[in-house]
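Asker: Sharing a structure below in structure tokens format, with a few things to ask.
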Amino acid sequence: MSQPSSTPAADAADAAASAAPPADQQAQAGYRTVGDYRAEKPVMRARNVDVFYGENHAIQSVSLDIGLNEVIALIGPSGCGKSTFLRCLNRMNDTIESARVTGDITLYDEDIYAKQMDVVMLRARVGMVFQKPNPFPKSVYDNVAYGPRIHGLARDRAELDKIVQTSLERAGLWSEVKDRLEEPGTGLSGGQQQRLCIARTIAVSPEVILMDEPCSALDPIATARIEDLIDELKRQYAIVIVTHSMQQAARVSQRTAYFHLGKLIEVGDTDEIFTNPRHKLTEDYITGRFG
Amino acid sequence: MTDGRAMSTRDRVGARLGRRHRNEVAFRLLGLAATLVGLVFLAVFFFTLVVNGVPAFQQTRILLDVELAADTIDPDGERDPETLRTASYQSLVRDALDERFPNVTSRGERRALYSLMSAGAGLELRDIVTSNPELIGQTLSLWLLADDDVDMAVKGNVRRDLPESARQLTDRQIEWIEALEADGRVDLKFNRFFFTSGDSRDPELAGIWSATVGSFFMLLVTLVISFPLGVATAMYLEEFAPRNRWTDMIEVNINNLAAVPSIVFGLLGLALFINLFGLPRSAPLVGGLVLSLMTLPVIIIASRAALTAVPPSIREAALGVGASKMQMVFHHVLPLAMPGMLTGTIIGMARALGESAPLLMIGMVAFIVDVPESPLDPSTALPVQVFLWADSPERAFVERTSAAILVLLAFLLLMNLAAILLRKRFERRY
């Protein structure tokens with residue numbers, strides 16, 4: 001995080017291009033995000049994102065960058081829209097018929113809601129790990145190999161074997177399952193299943209990994225392993241994690257965004273947010289006054 | 001909390017506890033009683049069927065010394081297959097009877113004597129001779145098929161002490177049977193005609209094979225049409241179709257179709273397939289089409305239920321790694337829903353197998369002797385055969401009706417067993 005950002009000129013242009021409109025839009029929504037929502041090495045940028053479920057305005061004018069080599073934690077009370085925002089980033093909200101998304105979300109300057117953007121392609125580049133471990137009812141091997149298979153990432157069996165092995169190694173699961181590759185993935189323990197799901201996600205070599213409360217169904221030991229893994233993975237990926245545990249956010253993330261009732265209240269370096277929150281709501285949440 | 005309040009809770013709960021327990025016991029007993037009554041009915045049903053039906057699996061045969069006389073079978077001695085096939089074998093049977101009862105001379109008495117044997121006896125002789133012509137000229141001791149009235153008397157289904165006017169057999173005929181029984185020449189043997197032949201006017205020659213084949217062709221047509229159509233419809237409605245007023249209406253209509261009385265489908269089949277499209281009457285093809293109409297809603301409803309039962313987490317997982325919607329459905333949802341779909345299909349097919357009313361409407365109630373060779377040949381079906389036999393006056397058809405029901409039930413049990421095994425085998429894979 002100490003690395004100096006790009007040239008001042010580019011920074012200024014960026015600020016002019018993206019910082020101004022949110023202010024106007026947010027004025028309409030009646031609030032202003034505290035802190036800088038921009039990242040040093042942005043991979044995805046969300047600008048003025050609104051999400052509606054039918055009449056329900058679930059997210060109001062949220063702007064946020066997802067940066068490379070960092071973990072950004074989305075925190076906030078239940079129903080604050082953090083998961084909804086996460087699911088906008090790989091268009092999983094498309095599967096909900098009443099959901100409507102407005103605003104701009106780009107992945108390396110490509111508009112992901114543009115007509116020419118194929119969701120299949122998008123989801124291969126923006127992988128997702130879900131709250132409940134959800135391995136396919138297939139073998140461990142087939143779980144990891146599924147993504148590479150459907151996207152045609154391996155030319156032959158040997159290459160596929162290699163992808164499966166590296167993915168499982170990176171997910172810290174290889175030593176535990178290397179003799180059980182043909183056994184069903186659903187037979188593993190909860191923590192192993194979640195690491196299997198992470199391996200399945202990274203087998204496609206995505207650019208961004210979205211994690212929706214990945215540890216909420218796990219015990220503390222399994223949680224610790226996943227957190228170590230997230231720390232490991234950020235060297236290569238941009239990671240967004242939704243969490244209910246503030247300790248977890250403090251442990252794994254470099255930046256934290258605090259959501260409240262569909263609004264992005266405050267965003268900033270994790271250390272800053274947890275030691276010196278600037279907004280009253282953030283402070284109340286972090287000190288445990290509600291949540 | 002004060003002591004007084006704690007006591008009062010205890011007392012108030014305690015006061016009602018006795019009644020709650022009594023209600024529980026009473027309800028459990030009521031449930032048990034209902035189950036027992038159901039079981040008793042089932043037991044009575046099976047008991048009467050088995051008692052009535054099982055004797056039909058055996059048939060009375062009489063041991064006769066038949067001389068395969070060359071001058072009757074093949075007078076010119078050329079062993080021409082056509083001559084061998086058309087010879088009067090029944091007269092050989094008659095000669096054997098004359099041999100056994102030489103003092104029966106008058107025309108009427110001899111007629112009565114000959115009627116102890118079935119016309120099937122001659123057919124059996126013909127089969128023996130045509131498959132093995134060297135036997136001509138020899139005298140063989142053969143267990144030959146007896147007439148159905150003899151069969152009834154031997155099995156004790158018709159009491160021999162009834163007044164002569166109240167039974168089919170005359171006193172003389174009973175005497176002959178008893179003489180043969182005294183010689184040990186009357187016995188019950190396995191009834192192969194029942195399983196290998198079609199319908200017949202003679203109960204001892206009537207069998208369920210043509211009805212079974214007809215039912216098989218019909219179910220085949222039903223399966224080929226309704227399974228792919230049903231699964232595809234369910235998949236489209238559940239996974240791909242938008243939710244709007246049209247799909248709601250389609251759904252309501254499908255649910256209603258499942259409740260339409262089957263005879264209505266029979267009328268529809270008569271009007272549509274036979275009158276409009278000109279398909280042949282009495283054909284399993286038309287029967288299968290009609291039963292498809294009936295089975296389709298059942299399969300659609302079961303398949304949709306199976307699809308909804310696949311947890312959303314699996315769908316999300318597939319979409320999350322970038323599977324397209326079709327890949328999600330075909331790689332993950334369909335395999336998990338398949339056991340449920342197959343179970344629904346088998347149960348639908350079992351219902352179709354037991355259906356008779358719509359088949360009456362499309363003419364599958366005809367008297368069919370020949371075994372159908374294709375779904376276009378006229379045919380009956382098992383339940384219709386039961387209906388036809390139940391309607392026949394001959395006493396021997398009573399036990400055949402029960403026996404045919406037993407066979408039908410055996411098929412239904414097998415199908416339901418297959419459904420249960422499928423469900424057990426693939427249960428909870430996710």
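Read the figures in this text as sums done on the coordinates, not as results from a lab. Computed from a predicted structure; not experimentally measured. FYI the Cβ positions are ideal-geometry reconstructions off the backbone, even for glycines, and counts take in every protein chain you see.
Asker: How high is the FRET efficiency between A:Arg289 and A:Asp36 when r is their beta carbon distance and R₀ equals 22 Å, given to the nearest 0.05? List each step's numbers first, then the result.
Answerer: Working: r = 25 Å, r/R0 = 1.15.
Here the calculated transfer efficiency is 0.30.
Asker: If I build a Gaussian network model for chain A, linking alpha-carbon pairs within less than 10 angstrom, which residue out of A:Lys138, A:Lys280, A:Lys263 has the largest mean-square fluctuation?
Answerer: Checking each option, the largest mean-square fluctuation is seen for A:Lys280.
Asker: Residues of region A:254-291 with amide nitrogen under 13 Å from the 7 Å Cα-to-Cβ point of A:Ser216?
Answerer: Backbone N within reach: none found.
Asker: Something else: Can you show me the helix-derived [θ] at 222 nm for the protein assembly as shown, built from DSSP H runs with n ≥ 4 at -39,500 (n - 2.57) apiece and divided by the number of residues, rounded to the nearest 500. Show your work: numbers first, answer last.
Answerer: Values: 30 runs with 376 residues, N = 721.
Mean residue ellipticity at 222 nm (helix-derived): -16500 deg cm²/dmol.
Asker: Got the relative contact order for chain B handy, in percent, Cα pairs under 8 Å and 6 or more residues apart?
Answerer: Values: 556 pairs, mean separation 80.9, N = 430.
Relative contact order for chain B comes out at 19 percent.
Asker: Give the lysines reachable from A:Lys82 as a straight Cα distance under 18 Å; neighbours fewer than 8 places away on the same chain don't count.
Answerer: A:Lys132, A:Lys263
Asker: Restricting to bridges with both residues inside the protein assembly as shown, how much of the DSSP beta-bridge set is antiparallel, in percent to the nearest 5?
Answerer: Values: 38 of 56 bridges.
Rounded to the nearest five, the antiparallel share is 70 percent.
Asker: While we're on this one: In degrees, nearest 10, range 0 to 90: what is the angle between the Cα axis of helix A:20-29 and the longest Cα principal axis of chain A?
Answerer: That helix lies at roughly 80 degrees to the long axis.
Asker: For a bin width of 10 Å, list the pair-distance distribution of region B:184-312 built from all Cα-Cα distances, rounded to whole %.
Answerer: 12, 29, 26, 17, 10, 5, 2, 0
Asker: Could you state the angle between the C-alpha long axis of helix B:3-53 and the longest principal axis of the C-alpha atoms of chain B, as a value from 0 to 90 degrees rounded to the nearest 10?
Answerer: Orientation of helix B:3-53: about 20 degrees from the principal axis.
Asker: Can you put B:Val104, B:Val384 in order of Cβ neighbours within 10 angstrom, beginning with the fewest? Each step should come with its number before you reach the end.
Answerer: Working: B:Val104 17, B:Val384 23.
Starting with the residue having the fewest Cβ neighbours, the order is B:Val104, B:Val384.
Asker: Provide a whole-number value for the mean count of partner chain Cβ atoms within 10 Å of the Cβ atoms in peptide A:133-140. Before the final figure, lay out the partial values.
Answerer: On the way: counts 2, 10, 4, 10, 7, 4, 0, 0.
The per-residue average across the peptide is 5.
Asker: Name the most mobile residue of A:Asp231, A:Asp118, A:Asp65, meaning the one with the largest mean-square fluctuation, in a Gaussian network model of chain A with Cα contacts below 10 Å.
Answerer: A:Asp118
Asker: Same structure, new question: Could you give the distance between the Cα centres of region A:165-198 and region B:253-331, to the whole Å?
Answerer: About 40 Å separates the Cα centre of region A:165-198 from the one of region B:253-331.
Asker: Which of the three applies to region B:209-426, rounded, prolate or oblate, going by the alpha-carbon gyration tensor with a ≥ b ≥ c and a/c under 1.5 meaning rounded?
Answerer: Details: a/c = 2.76, a/b = 1.91, b/c = 1.45.
Since a/c reaches 1.5 and a/b is larger than b/c, the shape of region B:209-426 is classed as prolate.
Asker: If you don't mind, there's one more thing I want to ask. Any idea how far the Cα center of region A:48-96 sits from the one of region B:40-75, in Å?
Answerer: Here the answer is 79 Å between Cα centres.
Asker: So, R0 is 30 Å and r is the distance between the beta-carbons of B:Leu409 and B:Ala26; what FRET efficiency does that work out to, to 0.05?
Answerer: On the way: r = 36 Å, r/R0 = 1.19.
Rounded to the nearest 0.05, the efficiency is 0.25.
Asker: Go ahead and set up a Gaussian network model of chain A, Cα springs under 10 Å, then flag whichever of A:Ala257, A:Ala154, A:Ala171 fluctuates most.
Answerer: Per the Cα network of chain A with a 10 Å cutoff, A:Ala154 tops the list.
Asker: Using only Cα atoms and rounding to the nearest 10 degrees, what angle (0 to 90) does helix A:190-202 make with the longest principal axis of chain A?
Answerer: Approximately 80 degrees, to the nearest ten.
Asker: Rounded to the nearest 0.05, what FRET efficiency is calculated for B:Ser200 and B:Asn253 with R0 set to 30 Å and r the Cβ-Cβ distance? Show your work: numbers first, answer last.
Answerer: On the way: r = 45 Å, r/R0 = 1.49.
Computed FRET efficiency for B:Ser200 and B:Asn253 comes out at 0.10.
Asker: Have a look at the DSSP beta bridges in chain A and tell me what percent are antiparallel, nearest 5. Spell out each step's value before the answer.
Answerer: Numbers: 25 of 43 bridges.
Within chain A, antiparallel bridges account for around 60 percent of the total.
Asker: Further question: For A:233-245, what's the mean count of beta carbons from other chains sitting within 10 Å of each residue's beta carbon?
Answerer: 0
Asker: Then there's this: Which whole number gives the average, over all residues in A:111-124, of C-beta atoms from other chains lying within 10 Å of the residue C-beta?
Answerer: Counting Cβ atoms of other protein chains within 10 Å of each residue's Cβ and averaging gives 2.
Asker: If you take the Cα Rg of region B:279-359 and divide it by 2.2 N^0.38 Å, with N the number of residues, what do you get? It would help to have the intermediate numbers written out before the result.
Answerer: Working: Rg = 17.1 Å, N = 81, 2.2 N^0.38 = 11.7 Å.
Compared with the compact-globule rule of thumb, region B:279-359 sits at 1.46.
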